[in-house]
Structure formats: C-alpha cells, structure tokens
Amino acid sequence: MALVPTPVVNEGPLFAEVEMGGDSSSSTVRATVVQSSTIFYDTPATLDKAERLLAEAASYGAQLVVFPEAFIGGYPRGLTFGVSIGNRTDKGKEEFRKYHASAIDVPGPEVDRLAAMAGKYKVYLVMGVIERDGYTLYCTVLFFDSQGHYLGKHRKIMPTALERIIWGFGDGSTIPVYDTPVGKIGAAICWENRMPLLRTAMYAKGIEIYCAPTADAREVWQASMTHIALEGGCFVLSANQFCRRKDYPPPPEYVFSGTEEDLTPDSVVCAGGSVIISPSGTVLAGPNYDGEALISADLDLGEIVRAKFDFDVVGHYARPEILSLIVKDHPVSPASFTSTSSTSKAERVLPNDKSLLTSAFAMLECRPK
C-alpha cells in the first residue's frame, strides 16, 4: 500500500491518496486518516496546514477526517523538559513555557477556526490537540460535525511514561461516543487503547467508528488496532504523524535526548503507520510508512452488523451477571464551592449598594424571633 508523497507547494495536491473502493450496494462512509507532521512551536502555521490537508481530503470525497495525536500543539518527541528525580532545570521549565504557549484553549479561537473548517468542507473532523486549561495541559481529541459545530472532546485518561510530567489526566466525563449520520464516533489516544476497561466503556456506548490517534509507529501497533476492530466489531482509524528531524526546531533550541548526535535533518523520527481496519480485521488502507500522506477507504457500515453476528462484546457475548464494569463518568475537580439556601439577602447584595444593604438588614431585623 505504498504511497509517494508530493512536496508541499502552493498549488496542486499536498499528498497523493490511497483509495480503496467499497461495496456500492451497501451504505458507505468515505473516511480519511491524515499522516502528517506538526509545525512545532507554530500553532497558527499548523492550523493553516490542517486546513490545506482538510481541503485536500474533502476534494477526494472524505466525509470523516481523522488527524494524529497532538497535531495542534505538537507531540514533544525526544524532549525531557529537564526532569530527573528530585530536580527540574531552568532550561526544561522554559521548554514547558514554550510548549504551554503552543497549546490551545477549549473553547477558544482555535477551536472556532477548526469548527469553521469542518463546516466549510462539510466533513466530520476528529482532531488531536494539546489543550491548555489554566496552567495544566491535556492531550485531547476534539470532535466537530459537518455543519461546523464543535461536539465535544476526549481527554487522554492515562498519559504514558514521561508524558505524565507534562500532561494532566482526563476523567470519566470525557469518554464520548457521538451518534452522527456517518456512524457512532469516539476516540482513544495512543496507549490508552491498550486499556481493556476503557475500550469496554466505548463498546458499551455503541461505538462504530473507533478513532485511534497515536504517536506509536512501531509495527506491533498494528496488532492492537486489528484486535480492537475484531473485539469491538467496529472500524478502526489510526492516524499518526510522519516526522523527520527537520520538522522540529534545530538544536540547541530543541534536542532529541540521547539520539541527537545520530540524527541528520532528514532522519525519520516518527514513521507513521496510519491504518484503516474493518470490523472483520481486514486492513482497508495502510499501514503507510513511506511519508506524509492521506490514507482513505470506503467504510461499508453493513460490515458492523456482520461482525457482531459473530461476536458482540457487550451484547450476546457478554456475561454481566459474572463480569461487569462501572464507569464513573462525572467530572472531578480539586475544589468544590458550595452555598446554602439559608444565605441571607444581605450576604448576596453588592457591598457598595448601600440602599439595598440597608433594606436587607431592615428586613432581617423585622423577622419574628
């Protein structure tokens, strides 16, 4: 499934497209996974690139487009942020400040622009971003419909290894599955796809098109994606970045810890492997390890029913009287502020409104003892 990338120019397609035909007698959805790199530390330029890619995918007839993990904001491959046990360096703190500045607020102007893109090109959009919530960052997926509406988000619930020093942990309130005209869409990010209980929660919500943005380009990743397609009886769309060393800032601004001396500007630091897999475990498109690409397939939604006739993990193949799952899907916060119904009118008025304050105290003094 080789695909030769086309150099980025002002005119003509950014990349060629892998195309797989579907069964015209069944209801089909044209889906595209984007395999491309972030423009690191330059969020406006990355948004411009995202729009070019989205326009290209739409020109091929895509109805659903999935971008990689952390496409907006960047996946900080190779950085350590100056962390060792018991110590954080000043250089590492500055690296985090720059990374924080590249992240986006949700909601915010970048989300508005992404929504406008989805509406302009009439596609359902699944976009990997780095979300900024105050001073904490989250690895997040945003969902948009083809009318240009922001639907919601999924925050990665378990960052992997050193990711935990830069990203917060999502809670159970952001594990959505959206029922759309092109199917029931949800997402899990990178290695949280290996969490059986998270997958079970998504299956229980009826997911049909399982999006798996990732940063894992190893061949073994394909085994996980195939297993999820078979286990869930769903289509799996995994999008990864394809990056060379030159796609990141040069040293000493940005250093790939432990490998920098072995890299040239053209060294591949993330080889992609983006793939689309059917509910029967058949690879429909990809995996692609050749370069930046748009990888597309027609999803025959009838395949979902045929697959679940064999195995419905939360239906006829479930044994809830023996094995069951409880999902705590409410939002959690480190602080809660409560007020009681007994709060007096005097406490609720503005302190500089003397007439109201005087009136309130007069009312309190006239109450029967």
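Label positions at His100 and Ser339, each projected 7 Å from the Cα along the C-beta direction, are separated by 3.1 nm. Averaged over residues, the count of other Cβ atoms within 10 Å places the peptides 283-291, 325-333, 152-160 in the sequence 283-291, 152-160, 325-333, highest first. Placing pseudo-labels 7 Å out from each Cα toward the beta carbon at Val332 and Thr136 gives an inter-label distance of 1.0 nm. Could you tell me whether the range 76-200 comes out rounded, prolate or oblate from its Cα gyration tensor? Rule is a ≥ b ≥ c as square roots of the eigenvalues, rounded for a/c under 1.5, then prolate if a/b exceeds b/c, otherwise oblate. Oblate, because a/c is 1.5 or more while a/b does not exceed b/c.
Determine, from the Cβ-Cβ distance of Val305 and Ala204 and an R0 of 22 Å, the FRET efficiency 1/(1 + (r/R0)^6), rounded to the nearest 0.05. Don't skip to the answer; put the middle values down first.
On the way: r = 18 Å, r/R0 = 0.81.
Computed FRET efficiency for Val305 and Ala204 comes out at 0.80.
Other residues whose C-beta falls under 15 angstrom from the C-beta of Ala204 contribute a net charge of +1, scoring Lys and Arg +1 and Asp and Glu -1.
For a 23 Å ceiling on Cα separation, which of these pairs sit above it: Lys120/Lys156; Lys205/Lys328; Lys49/Lys120? Intermediate values should be presented prior to the final figure.
Details: Lys120/Lys156 28 Å; Lys205/Lys328 14 Å; Lys49/Lys120 15 Å.
Lys120/Lys156, as the Cα separations exceed 23 Å there.
Here Leu162 and Asp112 are evaluated by their C-beta separation; at R0 = 35 Å the FRET efficiency comes out at 0.65. Here Thr282 and Lys122 are evaluated by their C-beta separation; at R0 = 30 Å the FRET efficiency comes out at 0.60.
Provide, for q = 0.13, 0.15 Å⁻¹, the log10 of I(q)/I(0) from a solvent-free Debye sum over equal Cα point scatterers in the range 141-245. Debye output, listed in q order: -0.47, -0.63.
With only alpha-carbon pairs counted, each pair once and no self-pairs, how large is the Kirkwood hydrodynamic radius of the range 173-218 in angstroms?
Every distinct Cα pair counted, the radius reaches 11.0 Å.
Mean projection of the Cα convex hull over all viewing directions, computed for the range 19-160: 9.9 nm².
Translational diffusion coefficient of the range 259-307 at 37 °C, 0.692 mPa s, Stokes-Einstein with Kirkwood Rh over Cα pairs, in µm²/s as a whole number.
Working: Rh = 13.2 Å.
Roughly 249 µm²/s, to the nearest whole number.
If I take every Cα pair under 8 Å that is 6 or more residues apart in the range 42-184, average their sequence separation and divide by the length, what percent do I get for the relative contact order? It rounds to 21 percent for the range 42-184. Taking a point 7 Å out from the Cα of Ile85 in the direction of its Cβ, the residues of the range 159-197 whose backbone N falls within less than 18 Å of it are 161-165.
So what's the range 175-332 giving for Cα Rg divided by 2.2 N^0.38 Å, two decimals? Don't skip to the answer; put the middle values down first.
Details: Rg = 18.2 Å, N = 158, 2.2 N^0.38 = 15.1 Å.
Computed over Cα atoms of the range 175-332, the ratio equals 1.21.
A short reminder: the numbers here are calculations on the coordinates, not readings from a lab. Quick caveat: nothing in here was measured; it's all calculated off a predicted structure. FYI the Cβ positions are ideal-geometry reconstructions off the backbone, even for glycines, and counts take in every protein chain you see.
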